[in-house]
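Any read-out appearing in this document is the output of simple, stated calculations on the displayed coordinates, not a laboratory observation. The shown structure was predicted, so the numbers you read here are calculated from the model rather than taken from an experiment. Ideal geometry is used to build each Cβ from the backbone, glycine not excepted, and the neighbour counts take in all protein chains shown.
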Amino acid sequence: MSSTIHQGAVQARQPAGTSADFAISMKGITKTFGGVKALLNVDLEVERGEIHALLGGNGAGKSTLLKILRGVQSPDAGVIRVGGEVLAEHSTEASRRAGIAMIFQEMSLIPTLSAAQNIFLNREPKTATGLIDDGECRRQARALFEEFHVAIDPDELVGNMSSGQRQLTEIVKAISQRSKILVLDEPSSALTETEVELLFGILRQLKNDGVAIIYVSHRMEEIMRIADRATILRDGRYVLTATMAELSLDKIITHIVGQEGRNLAMPQRGVSQTGEAILELHAASGPVKPIGVDLTVHRGEVVGVAGLLGSGRSSLARLVYGITPLASGSMRVKGEAVHLNSPAEAIAAGIALIPENRLREGLVARHSVASNICLPVLDRLSRWLLVSTERAGKLVNEHIVSLKVKTDSPEASMLSLSGGNQQKVVLAKGLATLPDILVLDEPTAGIDIGSKTEIVTLIRDMAHANKAVLLISSEPSELIAASDRIVVMADGRLAAEVAISDIVSDEGDPAERLQNAQQRLQLLIQKVNAND
């Protein structure tokens, strides 16, 4: 393997050999969506028998690059070679024929089928008469589980499995295809510590068999343990490729963060004017996560919630909003003990949730801007079972103006709006319920930097309006720019807490201060997970 650091912004790239020396060679990959370059001239080269980490923050381009490799999307420019041969056809079937298997972050198993049926779906063993041979299917699945020391019954329905068992079944399904190249996207997010060790044993066995493995994870402790080399992307661009021996944790985080966040302004907070405790959790646990959470949020305060995928951040949001029940512990809202069993009860208690997936959970996409904003408060806008056009129009116009929603008309379809303006409508829906507590789960996901800055400013405005805000985000720059303090979750628990004043220095220009604070927060997140 090459020991040379290949850094796109610093020096010419000097690959270890010709493209034929690599199991995968992706050169000059470029992809544009609606005028936005998701990838620009990106390289990725992975050797046979190598575990290669693909690293980068949210929006770095990792998922787009892997979708192109898998044939889900076609590149606008660039060349892909597999084993030295050009992959001319860009389709999932062409990638499968080339020996590429991928385990996505969103698992593809069918809950109503057994483990064996899922593993061999669409390529089942057949009898002499051409019928599916269920017995042979179970036998081969059992042999695969035994080969990789996975204790799962081939007849077990996927719907009855734990998250870790489903993830291991997904991995065995990919392995069963005897692919030359295996891509894993956040494979350990649902695994226990014991299951992670089992996964690593499987990967080392495959590596010894000459399989090229691309490993995507935000868990740097795992990357340092399992990977041979790493490629880092940032803002859709190639940054560097290096051996893990050349990359310390500090260096990795510095390269991932880079100049990111320099365009995200930190609003002027002034003197913090927090009021009484309005949301109090004491040893609060859900059915699975969160676990034993103690957290207090005051009026006029933004509390950021950081953590890796699977840390329990969204589970905390669902518990506070009544989507999942409180299994143990207690919750108080405005000093009163509550046990919320539904979002309707949460809204009545003065809580609003801005969900992680705006199109699936936050909006009725084919309805108008006006109908979406009015939807949660139809009872307040109605008289004698009929919605008052005057009241609805006043409410909608107030929120369009206050949140600066760019739309041709209140009657325009949500699908005609940009992602940032769609997100503002989701915020308007929540604010229309007149909440005292706002829970925001990834409020800037998938929107441009200009809209991100606007939403960060809106979050600070909510705090100034005496609301309590719980901000869940995977983007350190956003958490630092918006929050008064940040708690870090790991494995369902609150593992650390830090005040913004403790990670943001008083020296340097605002962009440098934000960049340095991001690095400190990233290191804290990785530290609590390494100690978990």
In terms of the Cα gyration tensor, with a ≥ b ≥ c the square roots of its eigenvalues, is segment 54-203 rounded because a/c is under 1.5, prolate because a/b exceeds b/c, or oblate?
-> oblate
Positive-end residue, segment 483-523 charge dipole about Cα centroid, Cβ charges, pick of Pro510, Val487, Leu521 | Val487
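Of all GluC sites (Glu not before Pro) in segment 117-177, which ones are in loop regions per DSSP and have a Cβ with at most 16 other Cβ atoms within 10 Å? Let's see the in-between values first.
On the way: sites: Glu136, Glu146, Glu147, Glu156, Glu170; in loops: Glu156.
Those that pass, being in a loop and sparsely packed, are Glu156.
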Shape descriptors of segment 46-112 over alpha-carbon atoms, Rg and Dmax in angstrom, are 13.2, 41
Could you give the nm distance between label points at Asp379 and Ile110, where each point is 7 Å from its Cα heading toward the beta carbon?
-> 4.2
Consider a paramagnetic label point 7 Å from the Cα of Ala412 along Cα→Cβ; state which residues of segment 370-385 have an amide N under 15 Å from it.
-> 370-373
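Once you sort the root eigenvalues of the Cα gyration tensor of the chain as a ≥ b ≥ c, which label holds: rounded (a/c under 1.5), prolate (a/b larger than b/c) or oblate (the other case)? Mind dumping the intermediate values first?
Details: a/c = 1.70, a/b = 1.44, b/c = 1.18.
Because a/c hits 1.5 or more and a/b exceeds b/c, the chain counts as prolate.
What number do you get for segment 262-380 when its Cα radius of gyration is normalised by 2.2 N^0.38 Å, N = residues?
Values: Rg = 16.2 Å, N = 119, 2.2 N^0.38 = 13.5 Å.
Normalised Rg, Cα atoms only: 1.20.
Based on the Cβ-Cβ distance from Asn531 to Thr194, what FRET efficiency comes out when R0 is 25 Å, to the nearest 0.05? All intermediate terms of the calculation are to be shown ahead of the outcome.
Details: r = 17 Å, r/R0 = 0.70.
Efficiency, from the Cβ-Cβ distance: 0.90.
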One finds the C-alpha centres of segment 362-432 and segment 433-485 to be spaced, in Å, by 20
When all Cα-Cα pair distances of segment 277-530 are considered, the percent exceeding 34 Å is 17
Charge dipole (segment 106-161, unit charges on Cβ, about Cα centre) - positive-most of Ala151, Pro111, Ala128 = Ala128
By DSSP, what percent of the beta bridges with both residues in segment 277-530 are antiparallel, rounded to the nearest 5?
-> 55
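For segment 106-161, what does the alpha-carbon gyration tensor say about shape, rounded, prolate or oblate, given a ≥ b ≥ c as the root eigenvalues, a/c under 1.5 as rounded, and a/b over b/c as prolate? Provide the component values of the computation, followed by the final result.
On the way: a/c = 2.12, a/b = 1.33, b/c = 1.59.
Because a/c hits 1.5 or more and a/b fails to exceed b/c, segment 106-161 counts as oblate.
Rounded to the nearest 0.05, what FRET efficiency do Arg97 and Ala511 have when you use their Cβ-Cβ distance and R0 = 51 Å?
Numbers: r = 47 Å, r/R0 = 0.93.
So the FRET efficiency works out to roughly 0.60.
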For segment 277-530, give the magnitude of the charge dipole about the Cα centre (Cβ charges: +1 Lys/Arg, -1 Asp/Glu; no others), in debye to the nearest 20.
-> 640
Across Lys27/Lys527; Lys67/Lys404; Lys429/Lys452; Lys27/Lys180; Lys406/Lys452; Lys62/Lys429, pairs whose alpha-carbon gap is larger than 25 Å | Lys27/Lys527; Lys67/Lys404; Lys62/Lys429
With the dipole of the chain defined by +1 on each Lys or Arg Cβ and -1 on each Asp or Glu Cβ, the option from Val172, Leu316, Gly430 whose Cα lies farthest towards the positive pole is Gly430
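How much mean residue ellipticity at 222 nm does the chain get from its helices, if each DSSP H run of length 4 or more adds -39500 (n - 2.57) and you divide by all residues, to the nearest 500 deg cm²/dmol?
On the way: 18 runs with 180 residues, N = 532.
Taking each H run of at least 4 residues, the total per residue is -10000 deg cm²/dmol.
What size of dipole, in debye to the nearest 20, comes out for the chain about its Cα centre when the only charges are +1 on Lys and Arg C-beta atoms and -1 on Asp and Glu C-beta atoms? Let's see the in-between values first.
Working: 55 positive and 63 negative charges, 207 e Å.
Dipole magnitude for the chain comes out near 1000 debye.
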Cα pair distances of segment 417-521 binned at 5 Å [whole percent] = 2, 11, 21, 23, 19, 14, 7, 2, 0
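For Arg366 and Ala143, what does the FRET efficiency come to when R0 = 41 Å and r is the distance between their Cβ atoms, rounded to the nearest 0.05? Could you put the intermediate results ahead of the total?
Details: r = 48 Å, r/R0 = 1.18.
Working from the Cβ atoms, E equals 0.25.
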Sequence-distant or interchain residues sharing an amide H contact under 5 Å with Phe120, placed H: which?
-> none
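For segment 287-364, what is the charge dipole size about the Cα centre, in debye to the nearest 20, if Lys and Arg each add +1 at the Cβ and Asp and Glu each add -1 at the Cβ?
Computed about the Cα centre, the dipole is about 100 debye.
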Percent of beta bridges antiparallel (DSSP, the chain, rounded to nearest 5) | 55
For segment 180-336, alpha-carbon Rg relative to the globular expectation (2.2 N^0.38 Å, N residues) | 1.38
